[in-house]
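Engineer: Below is a structure I'd like to ask you about.
The values are calculated or read from the model by the stated rules, or taken from the named source; none is laboratory data. All of these numbers come straight from a predicted model, not from anything done at the bench. Cβ: placed from backbone, ideal geometry, glycine included. Neighbour counts: every protein chain shown. Ligands, DNA and RNA are excluded from the accessible area calculation, which covers all protein heavy atoms including side chains. Shrake-Rupley method; radii C 1.70, N 1.55, O 1.52, S 1.80 Å.
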Amino acid sequence: MKPGAARPFSPVMLATRTATERKGDDLVKLLAGNSNLPLAKAIAAYLETPLTEAMVRRFADEEIFVEIMENVRGEDVFVLQSTSFPVNDNLMEMLIMIDALKRASAKRITAVVPYFGYARQDRKPGPRTPISAKLVANLITKAGADRVLSVDLHAGQIQGFFDIPTDNLYGAPVMSADIKTRFGDRNLMVVSPDVGGVVRARALAKRLDNAPLSIVDKRRERPGESEVMNIIGDVEGRFCILIDDIVDSAGTLCNAAAALKAAGAEGVVAYCTHGVLSGGAVARVENSALEELVITDSIGNHEVIQDARRIRHLTIAPLLAEAVKRIAEEASVSSLFD
């Protein structure tokens, strides 16, 4: 749904199946919110487990009402919901689903949040400002979640904001496999668009047979705008892979791509886990020095980029599905990244 678009007031069926369709040996129950149904269905298909039947109804004043249509007593339930645009609606929907499951006596509730909204507000940038990421963590915990599963949290310390077990998955294995397939024969260099992303860039470079690393040194004059100041590293003749966790306005990536090309880079593509792509981000990418922007489907924004020539999706459904399976089986999740 695009910003400013009206939300429907009619009931929305999240997923349906008859009682006879349910397998008696289902390992888990999967409950999907409305934020990213295509990803939820892909996870369910991978696990060969139908989505649990539930219904969301909105009252005239946009209050959300959730009803679980199946018995979940004593079940291991995974709630699939990204807190992307509209962030507050999707967050509230997830909290209400968790509360409904808790009151229905679910044995364990795992909040699967591929994109964790408010993650960029993970510290106090000035006096009298909130740490909203901690507030959201408290809300999810108080609603009744027993554990959380997310992908590429903006800051690793957000795991510590939760007082319940929290698994942070990484998109690097999915991205590195795609890079090797499409650009494996190029003279690669991994580039971090800022100093804060060096750890992420180094991890990707290691997966790309220890490709060299470069850093874009920038100065941000005001929120949403950035100015590239310098390129740390020799990128001349290199095919540059920009790596970041979130692409919002795309200003940072587009400015970095222009600076890399000016410094002699052979070409520039960008890989980002979460494609927020607000405002004129898509148009900015289409008219930039970037040859391609690759994002995952952690955010259900397919309609926003359907006409974009330079933006492509990678799916993280198998990654999330494997993590869900391992959590249900009490197996190691970290071994997914060995």
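Engineer: Expressed as a fraction of 2.2 N^0.38 Å, the rule-of-thumb size for a compact globular protein of N residues, what is the C-alpha radius of gyration of the range 284-331? Numbers along the way, then the final one.
Structural biologist: Values: Rg = 15.1 Å, N = 48, 2.2 N^0.38 = 9.6 Å.
Normalised by 2.2 N^0.38 Å, the Cα Rg of the range 284-331 equals 1.58.
Engineer: What Kirkwood Rh does the range 67-145 have if only Cα atoms enter the pairwise 1/r average? Answer in Å. Mind showing how you got there, number by number?
Structural biologist: Values: mean 1/r = 0.0749 Å⁻¹.
One decimal place: 13.4 Å for the Kirkwood radius.
Engineer: Roll a 1.4 Å probe over the protein chains and send me the accessible area per residue for the chain in Å².
Structural biologist: Numbers: 15410 Å² over 338 residues.
So the chain comes to 46 Å² accessible per residue, rounded to a whole number.
Engineer: A further question on this structure: Could you compute the FRET efficiency for Arg182 and Leu37, with r as their C-beta to C-beta distance and R0 at 35 Å, rounded to 0.05? Please list the in-between numbers first.
Structural biologist: Values: r = 28 Å, r/R0 = 0.80.
According to the calculation, E is roughly 0.80.
Engineer: Probe radius 1.4 Å, ligands and nucleic acids ignored: give me the carbon and sulfur share of the accessible area of the chain as a rounded percent. Please list the in-between numbers first.
Structural biologist: On the way: 7760 of 15410 Å².
It is 50 percent, rounded to a whole number.
Engineer: Let me ask another. How many nm separate the modelled label positions at Asp234 and Leu314, each set 7 Å beyond the Cα in the direction of the Cβ?
Structural biologist: For Asp234 paired with Leu314, the spin-label model returns 2.9 nm.
Engineer: Taking every pair of distinct Cα atoms and averaging 1/r, then inverting, what Kirkwood hydrodynamic radius in Å comes out for the range 17-123? Write down the numbers at each step before the final one.
Structural biologist: On the way: mean 1/r = 0.0695 Å⁻¹.
Here the Kirkwood hydrodynamic radius works out to 14.4 Å.
Engineer: Just round it to a whole percent: the fraction of Cα-Cα distances in the range 163-217 exceeding 18 Å.
Structural biologist: Details: 553 of 1485 pairs.
Here the long-distance tail beyond 18 Å is 37 percent of all Cα pairs in the range 163-217.
Engineer: Could I ask something else about it? Could you state the orientation-averaged shadow area of the convex hull built on the Cα atoms of the range 226-338, in nm² to one decimal? Walk me through the numbers before you get to the answer.
Structural biologist: Numbers: hull surface 34.2 nm².
About 8.5 nm², averaged over all directions.
Engineer: If you don't mind, there's one more thing I want to ask. Could you grab the Rg to Rh ratio for the range 77-200? Cα atoms only, Kirkwood for Rh. List each step's numbers first, then the result.
Structural biologist: Values: Rg = 17.1 Å, Rh = 16.2 Å.
Here the Rg-to-Rh quotient is 1.06.
Engineer: How far is helix 172-183 tilted off the main Cα axis of the chain, in degrees rounded to 10, range 0 to 90?
Structural biologist: Taking Cα atoms only, the helix is inclined about 50 degrees.
Engineer: Provide Rg and Dmax in Å for the chain, with only Cα atoms included in the calculation.
Structural biologist: When restricted to the Cα atoms of the chain, Rg and Dmax are 20.6, 63 Å.
Engineer: Could you state the angle between the C-alpha long axis of helix 132-143 and the longest principal axis of the C-alpha atoms of the chain, as a value from 0 to 90 degrees rounded to the nearest 10?
Structural biologist: Approximately 20 degrees, to the nearest 10.
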